[in-house]
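The structure under discussion appears below in the form of structure tokens.
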Amino acid sequence: MKAFAPIAVVIALLAAVPLIVHSNVTLNFLVVALMIALAGQGWNILGGYGGQYSFGHAAFFGTGAYVTAILQVRYGVNAWLAFGLGIAASAALGALIGGLTFRSGLRGSYFALVTLAFAEVLRIVASVAPITGAGVGTLIKLDLRAEALQFESRAMFYWVILALVAVALIITHLIERSRFGAWLIAVRENEDAAMALGVDATAVKLAAMTISGAITAAAGCFYVQYFLFVDSGIAYGTWISIEALLTPIIGGAGTVFGPLLGALVVKALGEGALMVVTGEAPGLDLVVFGCVLVLVIWFSPRGLIGVGAELRKRFRRAGTRPVAQEARHG
Amino acid sequence: MAEPLLAVQGVSRRFGGLLAVNGVSLSAAQGRITALIGPNGAGKTTLFAVIAGFLKPSDGTVRYGGEDVTGEPPHRLARRGVARTFQIVQPFAGLTVRENIRVGAHLHHRAREAALAAAEQVAREVGLTDMLDRPADTLTVAGRKRLELARALATEPKLLLLDEVLAGLNPSEIRDIVPVIQGLRNRGITILMIEHVMQAVMSLAEHVFVLAEGRIIAAGTPAQVAADPAVIEAYLGHGAAAKLGAGHGH
């Protein structure tokens, strides 16, 4: 239980924010940042821990969003149930894409390109298929009741997305300590060596992609409930694929808190940039993301979360060089 | 004695037009150390990859523990008790020594604590106890070789395939690790090793197979194969055996 203390503290602190901050603008910013964090947490399972860099996590975000929306609008399914089914559908999609790619032995950049292709195909299909509302998109009827998973106050939405982030943090932490997690990290570090040690690399990656898809889908499902609208560009657009991978990489891929930290920092900087440059400056936040990414990879390849460790390592290395040399000869 | 633990029968492996391994048969007797030697490019590592399931043979069968395991994937063979080390060491570079060994230990220990305890025990056996918390990429070559060995041992193998665990080590490091390998054999682990360091082969192996240009050209005790003219020629070139025989006053 003690191991969960950092998660409990972080979540408790974040949960207190709406009690102090009442500005809708700030809360809206935080809700979106947490939603991106959640999408990044999904990516982090497969990319951060498993080393399989997906460029197409929009496939999961979008499928979660569309399934949640379509089930409610066209089939009258309860929003909570639709939310769960959206997650389940994306988990299944993760297993499907994973099965196709990992079984055929795609690794590295080939895997990245194929995931990107899947997301793009889904985007194009969604932009013409009647069931998604094609080019018009799908609107969810305003129904501000808890049963419909819609809330009048931003704070409630904030707590809902925070709860989802908390669940994802706990899942990540459990994976990190489990045998599955050890195998997943081993596959990331060296797939052949892992297989020689009895790790079924294909099965491990497949499971990771399924979990990864489910978590990122939850962000998509939430998007729909929050904004009550989805179209193909939002659901399957490259924006979410990029944010889902940028936030964990900047925050610290393969760490429990990396995506959350990355999302908060990146989103804050993006907002800041838009405020400094007054008026319309489309794409300016992307420029900021790019600069932050370069800086982080330059100074701390393990992400912002690794900055402290990186500084300590440099400091220690500078201080103990002769000892390290001796150890090498010993 | 019944069937040997490992029996390779007529295995060939072709890469396009190159026949890397050509109709090789060899066996590793239960509880013994068997060595596979041969000049560079003889096909030793390819043969190992076939035995360990990393490559499918173009022809022939691999039998292990009396069962046909030809073409079984590595992770399944590992579950049956076949472990291998890599000639080019493949540590999980970003992890500590302890975490590296833990991955192997998880094969038979589901719980994290049990796997970590098993990893510590294995580290003691191969002499890595002092380095347990060091990142694997800070180890010396000798340390990395030990780590390869430790990870493989953590899977609790019955058959251990060692691909040049002594290569790149200095004589004193070799002296340190030879007793470790003998200790494993004494514990009942069957060992098949590829080795270039002849001094070690002579002192460790009970049976030696010599591979050259994809074929087994000699087999027997270390003393027998060392005296075999075909082996000398394979290593030193055509006519070398005769020249050595003539100039024996040296």
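Every number in this text was worked out from the coordinates using simple rules, so none of it is lab data. Quick caveat, the model's predicted, so the values are computed rather than measured. Quick reminder, even Gly has a Cβ in these numbers, built from the backbone with ideal geometry, and neighbours come from all protein chains shown.
Here are the numbers:
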quantity	calculated
Degrees between helix A:154-177 axis and first principal axis of chain A (Cα, 0 to 90, nearest 10)	40
Translational diffusion of chain B, µm² s⁻¹ [Kirkwood Rh, Cα pairs; Stokes-Einstein; 37 °C; 0.692 mPa s]	175
Three-way shape call for the stretch B:36-185 based on the alpha-carbon gyration tensor, with the a/c threshold at 1.5	oblate
Rounded, prolate or oblate (a/c below 1.5 giving rounded, otherwise prolate when a/b exceeds b/c) for the stretch A:120-201 by Cα gyration tensor	oblate
Farthest positive-ward along the protein assembly as shown dipole, Cα basis, beta-carbon charges - from B:M198, A:G94, B:G239	B:M198
Whole-number Å³ per residue for the convex hull built on Cα positions in the stretch B:73-158	88
Distance from the stretch A:112-150 to the stretch A:196-221 (C-alpha centre basis), Å	23
Rg and Dmax [Cα atoms of the stretch A:190-324; Å; Rg one decimal, Dmax integer]	19.2, 62
Inter-chain Cβ neighbour average for residues B:90-96, partner chain, 10 Å	5
Helical mean residue ellipticity (222 nm; -39500 (n - 2.57) per DSSP H run of 4+; nearest 500) of chain A	-24500 deg cm²/dmol
Of the GluC sites (Glu not before Pro) in the stretch A:120-176, those whose Cβ has at most 11 other Cβ within 10 Å and which sit in DSSP loop	A:E152
Choice from B:G71, B:G31, B:G17 showing the highest fluctuation, given a GNM over chain B with Cα pairs closer than 10 Å	B:G17
In degrees, nearest ten, helix A:5-20 long axis to first principal axis of chain A (Cα)	40
Stokes-Einstein D (µm²/s) once Rh is taken as the Kirkwood radius of the stretch A:2-282 over alpha-carbon pairs, at 4 °C in 1.567 mPa s	68
Counting DSSP beta bridges with both ends in chain B, the antiparallel % (nearest 5)	55
Loop sites in the stretch A:227-316: GluC sites (Glu not before Pro), DSSP, at most 11 other Cβ within 10 Å	A:E280
Size of the protein assembly as shown as Cα extents on the principal axes (Å, biggest first)	99, 57, 42
Share of pairwise Cα separations in the stretch B:185-236, more than 15 Å, in percent	47
The stretch B:117-175: C-alpha gyration tensor shape, a/c 1.5 cut-off, then a/b vs b/c	oblate
Degrees between helix A:79-103 axis and first principal axis of chain A (Cα, 0 to 90, nearest 10)	50
Anchor B:K56: aspartates and glutamates whose Cα lies under 12 Å away (excluding residues fewer than 8 positions away in-chain)	B:E72
